[in-house]
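Enquirer: Before we start, here is the structure in question, set down as structure tokens.
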Amino acid sequence: MHQHLRRLEVATRGRGLVDVTDAIRSFAEAGTVATGLLTIWCRHTSASLLVQENASPEVLRDLEDFFARLVPDGDKTRYRHALEGPDDMPAHIRSALTQTQLSIPLDRGRLVLGTWQGIYLYEHRTSPHRRELVLHLLGE
């Protein structure tokens, strides 16, 4: 059994989805593991991970529009926590509604992603941030 661990730093431009598929694929498919499981862990409470369609940019814009309606910024009557600004608590809620960890199988040395699937870091804050993902590959 082999294990590999890497930390991946991702710069965001503020709220939105950042495609991290290529960087993650490079790590997972460069090693000695033919069959295994890749775990991706987001080390933040105001950012998350998604597997989502990577063919149409409208999908990503529609997701952001949906979350903007579902969890609006700056609602002082709804949120008590606003230490870091009007997007603070909404960012935490968005993160709670999505995922901070993904598990993706590896088969014959390749990630088992669907044809139109990409891996995204979802930044929930409106300002740019540097986010850290931890990649852990386990297998044979």
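Where a number appears in this text, it was derived from the coordinates with a stated rule and is not lab data. This is a predicted model, so every value here is computed, not measured. Quick reminder, even Gly has a Cβ in these numbers, built from the backbone with ideal geometry, and neighbours come from all protein chains shown.
Enquirer: On C-alpha positions alone, give me the angle between the axis of helix 88-97 and the longest principal axis of the chain, in degrees, nearest 10.
Expert: 40
Enquirer: Additional query: So if I place +1 on the C-beta of Lys and Arg and -1 on the C-beta of Asp and Glu, and nothing else carries charge, what would the dipole magnitude of the chain be about its Cα centre? I want it in debye, nearest 20.
Expert: Details: 17 positive and 18 negative charges, 67 e Å.
Roughly 320 debye, rounded to the nearest 20.
Enquirer: Would you mind getting me the FRET efficiency between Thr45 and Lys76? Use the beta-carbon distance for r and R0 = 22 Å, nearest 0.05.
Expert: Numbers: r = 21 Å, r/R0 = 0.94.
The value I calculate is 0.60.
Enquirer: Taking the Cα atoms only, what angle lies between the long axis of helix 57-70 and the longest principal axis of the chain, rounded to 10 degrees?
Expert: Between the helix axis and the principal axis of the chain, the angle is about 40 degrees.
Enquirer: So if I take the centroid of the Cα atoms in the range 105-139 and the same for the range 30-87, what is the distance between those two points in Å?
Expert: 12
Enquirer: Of Leu8, Leu60, how do they rank once you tally other Cβ atoms within 10 Å and put the fewest first? If you can, show how the numbers build up before the last one.
Expert: Numbers: Leu8 16, Leu60 20.
Least to most surrounded, the residues fall as Leu8, Leu60.
Enquirer: Can you give the calculated 222 nm mean residue ellipticity of the chain, where each DSSP H run of n ≥ 4 adds -39,500 (n - 2.57) and the sum is split over every residue, rounded to the nearest 500 deg cm²/dmol?
Expert: -7000 deg cm²/dmol
Enquirer: Using packing as a proxy for protection, rank 27-40, 86-99 so that the peptide with the highest average count of other Cβ atoms within 10 Å comes first.
Expert: Sorting 27-40, 86-99 by mean packing, highest first, produces 86-99, 27-40.
Enquirer: Moving on. Order these peptides, 129-136, 107-114, by their mean beta-carbon neighbour count within 10 angstrom, highest first.
Expert: 129-136, 107-114
Enquirer: Report the normalised scattering of the range 9-83 as log10 I(q)/I(0) at q = 0.20, 0.24 Å⁻¹, calculated by the Debye formula with identical scatterers on the alpha carbons.
Expert: With no solvent term, the Cα-only Debye profile gives -1.08, -1.31.
Enquirer: When the scattering of the range 2-139 is computed by the Debye formula from its Cα atoms alone, each counted once and equally, what is log10 I(q)/I(0) at q = 0.14, 0.15, 0.16, 0.19 Å⁻¹?
Expert: -0.65, -0.73, -0.81, -1.06
Enquirer: Separate question: Starting with the highest mean, order 117-128, 66-77 by the number of other Cβ atoms within 10 Å, averaged over the residues of each peptide.
Expert: Result, highest mean first: 117-128, 66-77.
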